[in-house]
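Some notes on the structure that comes next.
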Amino acid sequence: MILENPYLELFNRQKNNQFKVGNTTYKERLKKLKALRYAVEVTYKDRIREALYKDFKKPQLEVDLTEIYPIVSEIKFVSANLKSWMKRQKVETPMALLGSSSWVTYEPKGVCLIVSPWNFPFNLTFGPLVSAIAAGNTVILKPSEMTLNSSRIMAEIVQEIFTEDEVALVEGAVETSKALLQLPFNHIFFTGSPAVGKIVMKAAAEHLTSVTLELGGKSPTIIDKTANLSHAVRKIAWGKFLNNGQICVSPDYILIDETVKEAFISEFKKQLKVFYTKSTNHSADYSRVVNNRHFDRLVNHIENAKQHNAIIEIGGVSNKTENFIEPTVISNLPEKASLLQEEIFGPILPIKTYGNLEEAVAYINSKEKPLALYIYSKRKSNINYIIKNTRAGTTAINNNVLQYSNHHLPFGGSNNSGIGKSHGFYGFEAFSNRRAVLKQHTKGATEFLFPPYTTMKQKLVD
Ligand code: NAD
């Protein structure tokens, strides 16, 4: 029994309120979501942009596209579909259960915890919140301690729209998160690193709490020799340096057919100048590494690569006072280089070559299952070969990152890159229990099940 926990009282208030929230109609839930949408899209929009600029110089257009738009479009999608998602789903009943009918209802899980990372603070906190509210849960939110300007605004929004026994936001770092994880939540939705995902899952096991784990890892991009290179370069340069490479579905490294590597690099150089001019540090369209700790981690990767005699093909320059690292492309890395071992989560792109597709596929399969795997190719047989012989949470073909934004697709990883799915119906499902109901309509139809087990009853079963 948990007697001393700073969040127990809040948890109990939500627990006591869970049936009131859980029994709300779809219209009542949509009213809450509409208020959240209005706050994000209208009343707090400028302050959200300002907070993200202060947190890591995120350009305004990127804030609009990757923080505000995903929440608004998720709310729109839920609003258009919630009524039908909440309806009971009739299922068939076998002959042996004659006289009864069966259905599935999506009932709320109850009191939920959402723990989120810093890289898209609004999107990755309010996105799951939309699904949790749609499914009729009460929620405690714990955003990251690394983007304080953003979490302050989120706290204000939550206080304005919800009572604490419906939705509450708790600010704090690891100790806060650990204290919350001791409580017997009905569901935990965690977005963050695989290492912390394991801590969350262990804590959840104590109460047999269900989990959704949205994790990360190294997402490969395969470019074969048939790929349209200039098309691939534009997509990858955008997908890699958006949010300064701090995206769970960023292309982490390139696996390219050795015959097209040089052409790819020379196109990439040109494209970066088009996106960010010659002096990226003056470009208003290039954000920054989130803090000094992550800056040091990334610069150490570059130093480690140099020690291994890797080739810095593009960039490499950095400035600690601004947490600025140039868009950097590095090739000729030995396997033991840290850039090929750890998730990069920053503006550094390693390039590895392969001789044939079997080699590329074997390399991917020697690592943990990725959250995203990207394929650039014009040849259908190559695309099919890669998909059939690898495993990944998500894939985009001749594009990257954008698979995240289709509400009709489940989003999430597999094993080390995650457990469970989110977005659209899949998000609603993650926060719901599929309750099975069987209703007996006729008296006596199942009488043959009861003792005494006569010979006649035995014959019926035979
Ligand atoms: P993180 O795992 O360090 O932190 C995430 C959250 O967990 C934060 O709120 C933090 O306070 C909390 N936390 C940290 N250490 C903890 C501990 N020991 N015990 C309990 N709670 C703890 O992740 P991050 O650095 O904020 O984000 C980067 C990681 O998140 C990357 O691995 C990235 O790939 C992943 N990510 C995944 C997705 C996805 O949707 N799959 C999205 C964004 C980021």
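The values are calculated or read from the model by the stated rules, or taken from the named source; none is laboratory data. Quick caveat, the model's predicted, so the values are computed rather than measured. FYI the Cβ positions are ideal-geometry reconstructions off the backbone, even for glycines, and counts take in every protein chain you see. Areas reflect the complete protein model, heavy atoms only, side chains present, ligands, DNA and RNA absent. Shrake-Rupley method; radii C 1.70, N 1.55, O 1.52, S 1.80 Å.
Summary table below
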| quantity | calculated |
| --- | --- |
| Top-ranked residue in segment 239-259 [being aliphatic (A, V, I, L, M) and within 14 Å of the ligand (Cβ to nearest atom); ranked as surrounded by the fewest Cβ atoms within 10 Å (Cβ to Cβ)] | LEU242 |
| Candidates TYR53, TYR7, TYR44, filtered to the one that is closer than 30 Å to PHE295 by Cβ and open to solvent by less than 60 Å² (accessible area, probe 1.4 Å) | TYR44 |
| Count of residues meeting criterion [more than 15 Å from the ligand (Cβ to nearest atom) and either surrounded by fewer than 18 Cβ atoms within 10 Å (Cβ to Cβ) or farther than 25 Å from LEU357 by Cβ (or both)] in segment 386-428 | 10 |
| Given (1) out of contact with any Lys or Arg (no Cβ under 7 Å at 6 or more places or on another chain); (2) within 15 Å of the ligand (Cβ to nearest atom); (3) closer than 15 Å to ILE254 by Cβ, index of the condition LYS367 fails | (1) |
| Among the residues listed as LEU124, LEU141, the single one being within 14 Å of the ligand (Cβ to nearest atom), closer than 21 Å to ALA205 by Cα and not aromatic (Phe, Trp, Tyr) | LEU141 |
| Per-region count, segment 266-305, residues of a type in the set (A, V, I, L, M, F, W, C), outside any helix (DSSP H, G or I) and out of contact with any Pro (no Cβ under 9 Å at 6 or more places or on another chain) | 1 |
| Residue ID - farthest from the ligand (Cβ to nearest atom), chosen from residues in segment 187-210 that are touching a residue at least 60 places away in the same chain (Cβ under 8 Å) and buried (at least 20 other Cβ atoms within 10 Å of the Cβ) | HIS187 |
| For ASN17: the one exception among (1) part of a helix (DSSP H, G or I); (2) among the polar types (S, T, N, Q); (3) open to solvent by 30 Å² or more (accessible area, probe 1.4 Å) | (3) |
| Of all residues in segment 279-326 being among the basic types (Lys, Arg) and open to solvent by 20 Å² or more (accessible area, probe 1.4 Å), the one that is farthest from PRO117 (Cα to Cα) | LYS306 |
| Selected residue (only one of GLY127, GLY110, GLY136, GLY99 is open to solvent by 10 Å² or more (accessible area, probe 1.4 Å), farther than 18 Å from ILE68 by Cα and among the small types (Gly, Ala, Ser)) | GLY99 |
| Test: residue in segment 148-163 that is in contact (Cβ under 8 Å) with a residue 60 or more places away in the chain, out of contact with any Cys (no Cβ under 6 Å at 6 or more places or on another chain), surrounded by 21 or more Cβ atoms within 10 Å (Cβ to Cβ) and closer than 19 Å to LEU215 by Cβ | no |
| Cβ pairs under 7 Å, 6+ apart, first in segment 171-186 and within 8 Å of the ligand (Cβ to nearest atom), second in a helix (DSSP H, G or I) | LEU181/VAL200; LEU181/ALA203 |
| Residues satisfying the stated conditions in segment 211-227, i.e. more than 26 Å from ASN16 (Cβ to Cβ) and either more than 9 Å from the ligand (Cβ to nearest atom) or over 20 Å from the mean Cα position of the chain (by Cα) (or both) | LYS218, PRO220, THR221, ILE222, ILE223, ASP224, LYS225, THR226, ALA227 |
| The lone exception for ASN399 - which of (1) closer than 26 Å to MET201 by Cα; (2) assigned to a loop (DSSP other than H, G, I, E, B) it fails | (1) |
| Matching entry among PHE126, PHE120, PHE162, PHE77 (being at pLDDT 95 or above, over 30 Å from SER287 (Cα atoms) and of a type in the set (Phe, Trp, Tyr)) | PHE162 |
| Residues satisfying the stated conditions in segment 440-460, i.e. open to solvent by 100 Å² or more (accessible area, probe 1.4 Å) and either among the hydrophobic types (A, V, I, L, M, F, W, C) or modelled with pLDDT of 95 or more (or both) | MET456, LEU460 |
| Selection from segment 429-439 of residues that are open to solvent by 30 Å² or more (accessible area, probe 1.4 Å) and either part of a loop (DSSP other than H, G, I, E, B) or of a type in the set (D, E, K, R) (or both) | GLU429, ARG434, ARG435, LYS439 |
| Segment 429-442, subset touching a helix residue (DSSP H, G or I) at 6+ places or on another chain (Cβ under 9 Å) and within 25 Å of SER79 (Cα to Cα), residue farthest from the ligand (Cβ to nearest atom) | SER432 |
| Candidate set from segment 76-119 (those that are among the hydroxyl-bearing types (Ser, Thr, Tyr) and more than 16 Å from the ligand (Cβ to nearest atom)); member that is nearest to GLY197 (Cα to Cα) | TYR106 |
| Enumeration of residues in segment 110-141 that are under 22 Å from SER79 (Cα atoms) and polar (S, T, N, Q) | ASN123, THR125, SER131, ASN137, THR138 |
